[in-house]
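Inspection log for the structure reproduced underneath, given as structure tokens.
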């Protein structure tokens, strides 16, 4: 298949009526508005990077923005990290194709945030320094735990980057056909390297904040314009959508699985993936170290949950608006294939043109492109931190590396990750990258999440148990996705999958927890006894913040 899906939209099969269209016509007009908006955003973000570079003096500034980000600012930045192209383009396209049931992904993602708020945010901020591996290794053996955490983080980051890079190339090429796919991928790679290498977390945070504001503003305008067309009556909007959509009344049902047969276990597995995967994403967890204390960490989750929840309400309206205003509109349908121009993920973009003309289309296109730039910057910084802080500074150098050397290694790692992301983005242009997203969230839910939570809440966890559970979740996710429907059938062309589910979390998450428990309770070593005894000190710090890393002072 030649489609590259956005985020978790990649994990489902879209009906033929929304299939991707071929490339733009041979002599397409120049999308001046989109180009101008792209250039304005790039200029703004480069200016932010220059400003941030002048204020980045040490490792705390580079990794954690000096811990000087407020709860509101961090909430917006987290929302920016989360309101990716998957959320904006992907879920709007799911609603456009499937109606009400398309919201299953947004509900799953949103439900993950209370878990972070009540279980993770405060303890993570009090126990950690720069990465979530700091928390897992607080009382366990740092070397092996950090290697496992860095490995799972890098797999999540690199595979997540592939999907984002492929999406960026196809989006920019679809909106500005004069820019080739390869050139678009290279542009994104160069910009993300500049943001992270020179601006660090300060630049990445403020790029996310600005992008989140623009995206919330643009989506609000689109939703209000759609509702205004129907006298602000949801009933009228839904009635028109039911009349126009090929599935008619079926789009108002909530029980029709996306692209598959009804299967409660698969739905449960999808829910586990979305909820617990959110709480295990390294670039999300890293954001809680940018605030000054645990109170700000909690408030940032509260703010981000409000922003994200509001955004998903807007996406619901945008998806139904696209059904009414984009479906069948000859301006947005390819005259040869009779499919949606630019691919199945473009309903929100074409809706922008339908409600606001070329200028608003250029704005929304630039915002969509900005979402990718911001997300890949956060991902790259998380991956570089895993290499420089977890592996180099704490494993290779055994804690003896200077801050300057550690930051230098992080910048080199950023360059390396950027090159890898560009190369893989070009290589995967013609491939179905659906399995990549399932893999990233499944690993986050099956490896990072159980190890992190058990390390914080269970006194009995030992290093051997954490390694057994973490590697079981990591390797199990990879294996079961390979032999599952997405890869085994859709990519490799086999007749039937060995494992029946697209998302293996229903198996791998319990397996990881069980193995961590069994190995820990049977571990009678002296080191295991010391690790259990150290839990009380960890508990006091996690609750009070005594000894926690404070904000940098300049």
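Below, the figures for the structure above:
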{"quantity": "Residue within segment 437-460 that is more than 25 Å from residue 135 (Cα to Cα), buried (at least 20 other Cβ atoms within 10 Å of the Cβ), in contact (Cβ under 8 Å) with a residue 60 or more places away in the chain and out of contact with any strand residue (DSSP E or B) (no Cβ under 7 Å at 6 or more places or on another chain) present", "calculated": "yes"}
{"quantity": "Any chance residue 149 is modelled with pLDDT of 85 or more, more than 29 Å from residue 468 (Cβ to Cβ) and not in a loop (DSSP other than H, G, I, E, B)", "calculated": "no"}
{"quantity": "Sole residue being out of contact with any helix residue (DSSP H, G or I) (no Cβ under 7 Å at 6 or more places or on another chain) and either surrounded by 21 or more Cβ atoms within 10 Å (Cβ to Cβ) or at negative phi (or both), chosen from 132, 138, 118", "calculated": "118"}
{"quantity": "Counted residues, segment 533-548 - those being part of a helix (DSSP H, G or I) and within 31 Å of the chain's Cα centre (by Cα)", "calculated": "6"}
{"quantity": "Qualifying positions in segment 261-292 - out of contact with any helix residue (DSSP H, G or I) (no Cβ under 7 Å at 6 or more places or on another chain) and in a loop (DSSP other than H, G, I, E, B)", "calculated": "261, 262, 263"}
{"quantity": "Enumeration of residues in segment 251-284 that are modelled with pLDDT under 80 and surrounded by 23 or more Cβ atoms within 10 Å (Cβ to Cβ)", "calculated": "251"}
{"quantity": "Selected residue [part of a helix (DSSP H, G or I) and either in contact (Cβ under 8 Å) with a residue 40 or more places away in the chain or over 16 Å from residue 282 (Cβ atoms) (or both)] from 179, 188", "calculated": "188"}
{"quantity": "The listed residue being at pLDDT 90 or above and under 17 Å from residue 129 (Cα atoms), out of 401, 384", "calculated": "384"}
{"quantity": "Residues (outside any helix (DSSP H, G or I) and under 23 Å from the mean Cα position of the chain (by Cα)) located in segment 440-499", "calculated": "484"}
{"quantity": "Check on residue 299, more than 17 Å from residue 96 (Cα to Cα), in contact with a helix residue (DSSP H, G or I) (Cβ under 9 Å, 6 or more places away or on another chain) and modelled with pLDDT of 90 or more", "calculated": "yes"}
{"quantity": "Of residues in segment 338-353 being surrounded by fewer than 23 Cβ atoms within 10 Å (Cβ to Cβ) and out of contact with any strand residue (DSSP E or B) (no Cβ under 8 Å at 6 or more places or on another chain), the one farthest from residue 419 (Cα to Cα)", "calculated": "338"}
{"quantity": "Condition met for residue 74 (closer than 24 Å to residue 218 by Cβ and touching a strand residue (DSSP E or B) at 6+ places or on another chain (Cβ under 7 Å))", "calculated": "yes"}
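Residues are listed down the side, and each one gets a yes or a no for (1) touching a strand residue (DSSP E or B) at 6+ places or on another chain (Cβ under 7 Å); (2) surrounded by fewer than 22 Cβ atoms within 10 Å (Cβ to Cβ); (3) at pLDDT 85 or above:
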{"residue": "291", "(1), (2), (3)": "yes, no, yes"}
{"residue": "313", "(1), (2), (3)": "no, yes, yes"}
{"residue": "320", "(1), (2), (3)": "no, no, yes"}
{"residue": "336", "(1), (2), (3)": "no, yes, no"}
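Yes or no, residue by residue, for (1) modelled with pLDDT under 85; (2) on the phi < 0 side of the Ramachandran plot; (3) surrounded by fewer than 24 Cβ atoms within 10 Å (Cβ to Cβ):
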residue	(1), (2), (3)
95	no, yes, no
99	yes, no, no
114	yes, yes, yes
125	no, yes, no
155	no, yes, yes
158	no, yes, yes
168	yes, yes, no
188	no, yes, no
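Yes/no per residue for (1) more than 30 Å from residue 143 (Cα to Cα); (2) surrounded by 24 or more Cβ atoms within 10 Å (Cβ to Cβ); (3) modelled with pLDDT of 90 or more; (4) touching a strand residue (DSSP E or B) at 6+ places or on another chain (Cβ under 6 Å):
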position: 405; (1), (2), (3), (4): no, no, yes, no
position: 420; (1), (2), (3), (4): no, no, yes, no
position: 423; (1), (2), (3), (4): yes, no, yes, no
position: 429; (1), (2), (3), (4): yes, no, no, no
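The values are calculated or read from the model by the stated rules, or taken from the named source; none is laboratory data. What you see is a predicted model; the values in this text were computed from it and never measured. Don't worry about glycine lacking a Cβ; one is built from the backbone with ideal geometry, like all the others, and counts go over all protein chains shown.
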